[in-house]
Every structure is written in structure tokens, then in C-alpha cells.
1. Using the structure shown, select from Lys289/Lys338; Lys235/Lys289; Lys195/Lys289; Lys166/Lys235; Lys166/Lys195 the pairs with a Cα to Cα distance greater than 28 angstrom.
2. Which whole-Hz ³J(HN,Hα) couplings does segment 365-373 yield from phi under the Karplus relation 6.51 cos²θ - 1.76 cosθ + 1.60, θ = phi - 60°, glycine and proline marked x?
3. Around Asn315, which amide H atoms from residues at least 5 apart in sequence, or from another chain, sit under 5 Å from its own amide H, with H modelled in the peptide plane?
4. Convert each backbone phi in segment 331-339 into a coupling constant with the Karplus relation 6.51 cos²θ - 1.76 cosθ + 1.60 (shift: θ = phi - 60°), then list the ³J(HN,Hα) values in order as whole Hz, x for Gly and Pro.
5. Taking only the alpha carbons of segment 321-381, what extent do you get along each of the three principal axes, in Å, biggest first?
6. List the GluC sites (Glu not before Pro) within segment 156-244 that fall in a DSSP loop (any state other than H, G, I, E or B) and whose Cβ has at most 13 other Cβ atoms within 10 Å.
7. Pull out the extension gain between Glu127 and Ile165, defined as 0.36 nm times the separation in residues minus the alpha carbon to alpha carbon distance; nm, one decimal.
8. For segment 271-344 and segment 166-204, what is the centre-to-centre distance using only Cα atoms, to the nearest Å?
Amino acid sequence: MDFIILMQEKRFSFRDKAIIVDFGNYFIFLRSYIKFRGYGWFSKFEVGKDFIVDLLYKKRGRYARPFLHFGTIGLVFLLITLGPIIFNDKEEQYAGSVGPILNSATAYAPDFYTLQAEEVRQYRGGEIIKHVVTEGETISTIAQRYGLQQETILWENDLTETSKIKPGQELRILPLDGIRHKVARGETIFSIGKKYGLEDSQVQVVVDYPFNEFLSDETFDIVAGQYLMIPGAVKPSAIYTSRTTASRFGTLTPDAGSVSASGSFIWPASGRITQGYSFYHKAYDIANKSGGQILAADSGTVTTAGWIDSSGYGNRVIIDHGNGFVTLYAHMSVVQVKSGQRVKRGDVIGQMGNTGRSTGTHLHFEIRQGGALLNPQSYLR
């Protein structure tokens with residue numbers, strides 16, 4: 001029995017040794033094969049390289065220029081094909097951190113990402129984009145998508161309410177409601193305003209729109225061929241029927257009201273609101289052809305009075321109301337208070353005028369708190 005067990009152990013030992021020997025022989029063969037093939041490939045590479053080097057050397061650089069050209073083309077090809085793969089993750093991460101301004105997934109236009117204030121980003125820096133109509137879209141859905149009125153899209157693209165749009169058609173999308181006007185020879189901002197039913201003081205909306213350009217910020221000179229955005233305007237044929245004009249340019253303000261002390265603000269002047277609160281005009285413009293008195297919206301201390309700099313306000317009065325609120329009254333023709341004096345709610349502080357960066361007789365009225373400019377609509381009574 002012991003003899004049989006001993007023979008079996010020897011047989012397994014012989015088998016293990018044979019396996020080890022086989023593996024050893026395989027690795028020796030693999031090493032030799034790789035060495036042989038490697039030397040073969042390397043020698044062929046050296047022959048090719050030597051041939052090219054000798055050719056360039058003999059021709060004294062005759063083929064160097066084509067070689068560099070083809071090398072550059074190859075490098076550009078690699079960047080074009082592999083670049084999107086390499087940089088795609090970073091672009092998606094940046095886009096996700098900032099976020100799109102508008103839902104324009106199907107608009108064939110650049111992504112409007114910016115580090116500007118949110119209020120400015122909403123208007124895409126004044127840029128006009130091209131929207132490519134897709135299946136099932138209508139003027140109504142496109143207008144809703146970009147936060148515009150249907151008429152704005154119709155007027156900009158020379159369409160009517162009965163016009164039909166089709167997939168693939170390109171539409172120009174303005175940054176806000178209104179009319180984009182191409183200046184003709186001899187036109188001024190006042191003649192353009194008159195064309196769209198605006199009085200001289202109402203033309204201020206054209207001047208205040210930050211993406212309109214002028215040859216002079218003092219005289220508002222323009223040149224033929226340039227485009228001006230007329231915010232809130234309508235086509236001349238629709239001036240007398242459009243609700244937009246009535247709500248923006250024709251609203252009557254209440255009388256100045258009581259002069260008794262109060263914690264709220266009264267209307268500082270009588271007239272019409274010619275320009276409301278927006279991201280580029282954080283104030284109310286109240287116009288009156290005949291001018292008129294300007295009243296302190298609430299009791300306080302006058303901190304500024306007169307035309308003290310070239311900021312564009314012209315003659316102005318600033319009142320600190322002592323409760324965190326400050327009001328500003330600009331473009332006055334006459335200032336009837338002085339710095340440091342106290343005024344009561346409803347006191348006359350000046351007369352409506354056209355000084356500074358102004359296009360007509362009106363009052364520019366601001367309400368401030370902690371340095372921020374607030375919407376007067378929320379505070380005036």
C-alpha cells in the first residue's frame with residue numbers, strides 16, 4: 001500500500017515539473033518572437049526615416065515646406081476630430097453653472113451665456129437672433145417662448161396676422177417688444193419718434209435704451225443706415241388702436257395730492273408716464289408739455305441741489321428721507337431748494353425741465369434704498 005502511494009506522489013511531481021518546463025519554453029519562444037519582430041519593425045522604421053532625412057538633406061530643404069504643410073493639416077484634423085470629445089465635458093459643466101437666458105434649443109444662434117447682471121442678460125446684450133421654425137410652431141408659441149408680444153415678431157419679419165409660417169423658415173427675434181427702425185437720410189430721433197406717435201419727451205425711451213448708439217451722447221446725432229430700437233413702439237398704422245401705446249405712453253398720473261407728512265410717497269409731478277421702470281431705466285419719467293411744479297414725494301433733508309456734474313441728470317434734487325429711502329428728481333429747469341434744508345411732503349422743490357441728457361421737458365424720478373434703485377410703482381400713492 002505504501003509503495004502505491006509513493007508511486008502516485010512521484011507521478012504528480014513529474015507532471016508538475018513538465019508543466020513548469022512547458023511554460024518556461026513558451027515564454028522563451030514569446031521573448032524571441034517579440035525580439036525578432038520588434039527588431040524587424042524598428043529596422044524598417046529606421047530605413048524609412050533615414051531615407052526621408054537623406055532626401056531632405058540632399059534637396060537642401062526642398063521638401064521641408066510640403067512636409068510642414070501636411071504635418072499642420074494633420075494636426076488640425078486631429079484637433080477637429082478629437083477636440084469636441086476632449087473639451088465637451090468642460091463646456092457642459094460651464095453651461096450648466098451659468099444657465100441659458102432663453103429656452104432656444106432649436107434656434108440656430110449662439111448660446112447667450114454671460115456673466116452680466118441677470119437683468120441685462122434677459123435682453124441678450126441687444127442682440128437679434130435668428131429662430132428656425134420647427135414643425136408645429138406658431139407665431140404665438142414662438143412669442144411666448146421668447147417673452148415677446150406676437151406683434152413684435154410680425155412687424156420685425158414683415159408678416160401679418162394672416163401670414164403662415166412653415167418649418168425651416170427663419171425669423172428675426174428682437175430682444176424686447178417694440179420696433180427696430182432703419183434710419184433714413186435726414187431723420188432725427190425726434191422725427192423718428194413722431195413717426196411712431198411719440199412726443200419729444202417720450203423719445204427719451206430711445207435715448208435710454210443702452211444698446212442704441214449715437215454719434216454724440218449730447219445731441220443724439222444718428223446716421224442713415226443705422227438701426228435704432230424703439231422700445232414699446234408700434235407700427236404707425238396701429239398707433240391709435242394699440243393697447244400697448246395707451247398703457248405705456250398715455251397713462252395719466254394722479255394730482256400731486258396732500259402735503260401732510262406721511263411714511264409713503266406721493267406723485268412728485270403731474271403729467272404722463274412716458275417711460276416706466278426697466279433694467280436700463282430704473283426710474284419713472286413723467287412728462288408735461290407745459291412743465292409744472294415738482295413736489296417732494298415725502299418729508300426729508302435735501303442732500304443735493306443743482307447741476308453739480310456731467311452725469312446726465314442736469315439740474316437735480318436728492319432728498320434723504322431719514323428712513324432708509326432716498327428720492328432723486330432730475331432734468332429740472334429751476335431748482336427751488338438748497339442743500340441741507342428740510343422739506344415737507346408736497347413742498348415745491350423745483351420746476352420740470354429739459355436739462356442734462358434729456359430729449360424733452362419731463363421729470364426723471366428715482367426711489368433708492370441702500371443704494372438700490374426700486375420700482376416707483378410699488379411705492380407711489
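1. Values: Lys289/Lys338 26 Å; Lys235/Lys289 24 Å; Lys195/Lys289 19 Å; Lys166/Lys235 24 Å; Lys166/Lys195 32 Å.
As for pairs spanning more than 28 Å Cα to Cα, those are Lys166/Lys195.
2. Values, residue by residue: 10, 10, 10, 10, 8, x, x, 8, 8 Hz.
3. His331, Met332, Thr355, Gly356
4. 6, 5, 8, 9, 9, 10, 9, 10, 4
5. Principal extents (Cα only, largest first): 30, 25, 22 Å.
6. Numbers: sites: Glu156, Glu161, Glu170, Glu187, Glu199, Glu213, Glu218; in loops: Glu161, Glu187, Glu199, Glu213, Glu218.
Qualifying residues, ordered by number: Glu161, Glu213, Glu218.
7. Working: separation 38, 0.36 × 38 = 13.68 nm, distance 2.27 nm.
Taking 0.36 nm per residue and subtracting the Cα distance, the gain is 11.4 nm.
8. Using only Cα atoms, the two centres lie 29 Å from each other.
Readers should treat all values here as calculations from the given coordinates under stated rules, not as data from a laboratory. Not measured: the values here are computed from a predicted model. Because the Cβ atoms are built from the backbone with ideal geometry, glycine has one as well, and the counts that use them run over all protein chains shown.
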